[in-house]
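Undergrad: For reference, the structure I am asking about is given below.
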Amino acid sequence: AAHRDIRLPADLYRPQRENSRGIEFGERNALDKLTSAIATERKATPTAVASFTAEQTDAAVAAARRGFRAWNATPAQKRADILVKAADLLEQRRAHFIALLQSEGGKTLDDALSEVREATDFCRYYAALGRKLFGEDEAMPGPTGESNVLALRGRGAFVAISPWNFPLAIFLGQVTAALMAGNAVVAKPAEQTPLIAAEAIKLLHEAGVPASALHLVQGDGAIGAALVTHPQVTGVVFTGSTEVARSINRTLAAKDGPIVPLIAETGGINAMIVDATALPEQVADDVVTSAFRSAGQRCSALRLLFVQDDVADRTIEMIAGAARELKIGDPSDPSTHVGPVIDAEAKQRLDAHIAKMKKQARVHLAGEAPAGNFVAPHIFELSDAGQLTEEVFGPILHVVRYRAERLGEVLAAIEATGFGLTLGIHSRIDDTVEHVIDRLQVGNIYVNRNMIGAVVGVQPFGGSGLSGTGPKAGGPHYLARFATEQTVTINTAAAGGNAALMAGVE
Ligand code: UN1
C-alpha cells in the first residue's frame, strides 16, 4: 500500500529517543557521569506533599477558568516556545528527575532515562505540531464573494488525570498537549507520585506557563472525581484503568452544563503471537523486554503469549532462561533490570494472582523476590487464553500453545478480550503478518520486535475498545481533540462586505 508521509520536518521535531531499547551501548560512559549526578540529587529529594481539600480543588478549577482567556489569547508560537523551553529545562535537570523517578516511582536507570527522554519528546513534539495546527488558521476553499476560515482554539479548563507508571512522561504529555491547545489546566497526578508531578509543574511555570493557566491538585481518586464533577470543567484527559475511565464517562454524562469530551487511554490484555518461523533468540529477548521490563507495569506490556506448538518447548525454555538472568532489586543500582512494583497493595494483588495461577496453570518460572515490594518474573502456561480475564499489571507472563492451522482461534481469543492496545507478532511469513494486522483492531502492532516503548511522534500510541478512546498520544491527531473548532464565514463581495477583514486570507 502507498503511505502518506505525515512526519514533521526534522528541524521542527526529532525524537531524543531514536529507539525504544533504553541505554545504548555507546552511552555507557556518559552514564557513569550521570550516575554520580543522580546520587547527589538523591540526597536532595524533597519532602512529602499534602492532599488537597475539596475547597482547594474547587478553587483550582475556578482559577483555571479565569486563567483560560489570557492563555488562549497568547499566540500559539509563544505557547510552543514555552514548551520548547520546558524541554530544555528537563534536559538540564535530568539527573534530578531520574533520582525522583527512582526514589518515588521505583524506576530502574534504563526506565528513568527513557522516561525523561519521552517527556522531553512530548514537549517538543506538541510544540512543533502546535505551531502548525494552532499557529495559522486554515483557509477553506469556497465560492467567490465569501471567505471561510477554520481555526482551532482552546476549550477552557481541562482536567488531566495521570497514572503512577509514567509519572513524568504521561503527566507532562497530557498537560503540555492541553496547554498547547490553549486550555488552562488542572493536573491531578496519581497519589503515589506527587513529588515528581510537583517538580514537573514547577518546571513548566519556570519555562513560562503563567500560574493562572496551570494548576496542580494533589490527592486520591476522590479528588479526581470531585474535579470531573465540577461544572466549570470543559475537558478531561485520563490515563489509567478502564474501570475509572468508565466512571468518569458516567459522571460527565450525568452532569448539567456543557457536554464534556473525555480522552481516555486505558489498559490491555496485550498478546504476542510467535510462529515456527520466528528467530528464537530474538523472541526470547523481545518477550523478556515486553513482559518484564518496568516490572511489567506498562499498559503496553505483554501479558498473553501465543506460541506455535512445534517450537513451544524450546521457546518457553529460552524465555525462562533469559528471565532467570534478570537482576531484581534496588532501582538506584544501575545494574538492576527489574525494580519494585509501585506499592504494597500492588504487590498483594500480584501475589494473589500468582497464587491463583499456581493452582490453575503449569509453572515455567517462579523466581524468588527480595523482601519489600518486589515481584519476581513469573511464567505460567494456560490451557486456554480465557483463563486470563483481567489486566495483571506486573511481571507475570501467561503462555498458550496453538496449532498452526488454528491461528484463527488465537485471533478470536485476542479479540474476545475486548481490549485493543498493543500486539506483537514474530513471523517470517508476510501473509501471516498481513492477515493478523488486517484482522485485529489493535492500536499498536509490533512485528518481529518488542512491543513497548513507543517513540513520540514516530509511533503514535493508544488503542480502542476497552483500551481507550484515542486519538493517539504522540501522534498527529492528538492535539485537535483538546480544542474546539471555529469556522468564520465572511461576505467579502456585497456592499457592506468586510473585504478588509479578510486581507491575507484569500
Ligand atoms: C502506559 O503504560 O500507561 O509504549 C502507556 C509504551 C508506553 C506505554 C505508556 N508509551 O511502552
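Undergrad: In the range 338-346, is there at least one residue being within 18 Å of I269 (Cβ to Cβ) and within 22 Å of the chain's Cα centre (by Cα)?
TA: yes
Undergrad: Also: Checking the conditions here, which among G105, G182, G142 is touching a helix residue (DSSP H, G or I) at 6+ places or on another chain (Cβ under 8 Å), away from the ligand (no atom under 15 Å from the Cβ) and part of a loop (DSSP other than H, G, I, E, B)? Full working, then the answer.
TA: Working: G105 fails: away from the ligand (no atom under 15 Å from the Cβ); G142 fails: touching a helix residue (DSSP H, G or I) at 6+ places or on another chain (Cβ under 8 Å).
Criteria check complete, one pass: G182.
Undergrad: Also, I was wondering about something else. For the range 447-470, which residues satisfy the criterion of being more than 9 Å from the ligand (Cβ to nearest atom) and either more than 27 Å from A276 (Cβ to Cβ) or free of Cβ contacts under 8 Å to residues at least 40 places away in the same chain (or both)?
TA: Passing the criteria: V447, G457, V458, P460, G463, S464, G465, L466, S467, G468, T469, G470.
Undergrad: Which of (1) in a strand (DSSP E or B); (2) within 19 Å of A473 (Cα to Cα); (3) among the hydroxyl-bearing types (S, T, Y) is the odd one out, the single condition T234 does not satisfy?
TA: So T234 meets the others, but not (2).
Undergrad: Still on this model: Looking at (1) among the aliphatic types (A, V, I, L, M); (2) more than 18 Å from L168 (Cβ to Cβ); (3) surrounded by 14 or more Cβ atoms within 10 Å (Cβ to Cβ); (4) out of contact with any strand residue (DSSP E or B) (no Cβ under 6 Å at 6 or more places or on another chain), which is the one condition that is false for A64?
TA: (4)
Undergrad: Here's something else I'd like to know. Looking at (1) more than 16 Å from E381 (Cβ to Cβ); (2) away from the ligand (no atom under 16 Å from the Cβ); (3) touching a Ser or Thr at 6+ places or on another chain (Cβ under 9 Å), can you tell me which one S290 breaks?
TA: S290 satisfies all of (1) more than 16 Å from E381 (Cβ to Cβ); (2) away from the ligand (no atom under 16 Å from the Cβ); (3) touching a Ser or Thr at 6+ places or on another chain (Cβ under 9 Å) except (2).
Undergrad: A further question follows. Only residues in the range 408-423 that are within 16 Å of the ligand (Cβ to nearest atom) count as the first member; pair them with residues that are assigned to a helix (DSSP H, G or I), Cβ under 9 angstrom, at least 6 apart or cross-chain, and list the lot.
TA: Taking only residues 6 or more apart or on different chains, the pairs are F419/T242; G420/I414; T422/S290; L423/I414; L423/V436; L423/I437.
Undergrad: Find the residue count for the range 362-373, including only residues that are part of a loop (DSSP other than H, G, I, E, B) and without any contact (Cβ under 8 Å) to a residue 60 or more places away in the chain.
TA: Looking only at that region, the number is 6.
Undergrad: Step by step: first the residues of the range 293-321, then only those that are within 12 Å of the ligand (Cβ to nearest atom) and either polar (S, T, N, Q) or more than 30 Å from the chain's Cα centre (by Cα) (or both), then the one that is surrounded by the most Cβ atoms within 10 Å (Cβ to Cβ). Which residue is that?
TA: S294
Undergrad: Scan the strands (runs of 3 or more DSSP E) fully inside the range 376-454 and keep the ones with 2 or more residues being surrounded by 23 or more Cβ atoms within 10 Å (Cβ to Cβ).
TA: 378-381, 396-402, 422-426
Laboratory data are not the source of any read-out in this text; all were calculated from the coordinates shown. What you are looking at is a predicted structure, and each value in this text was computed from that prediction instead of being measured. We place every Cβ from the backbone using ideal geometry, glycine too, and count neighbours over all the protein chains shown.
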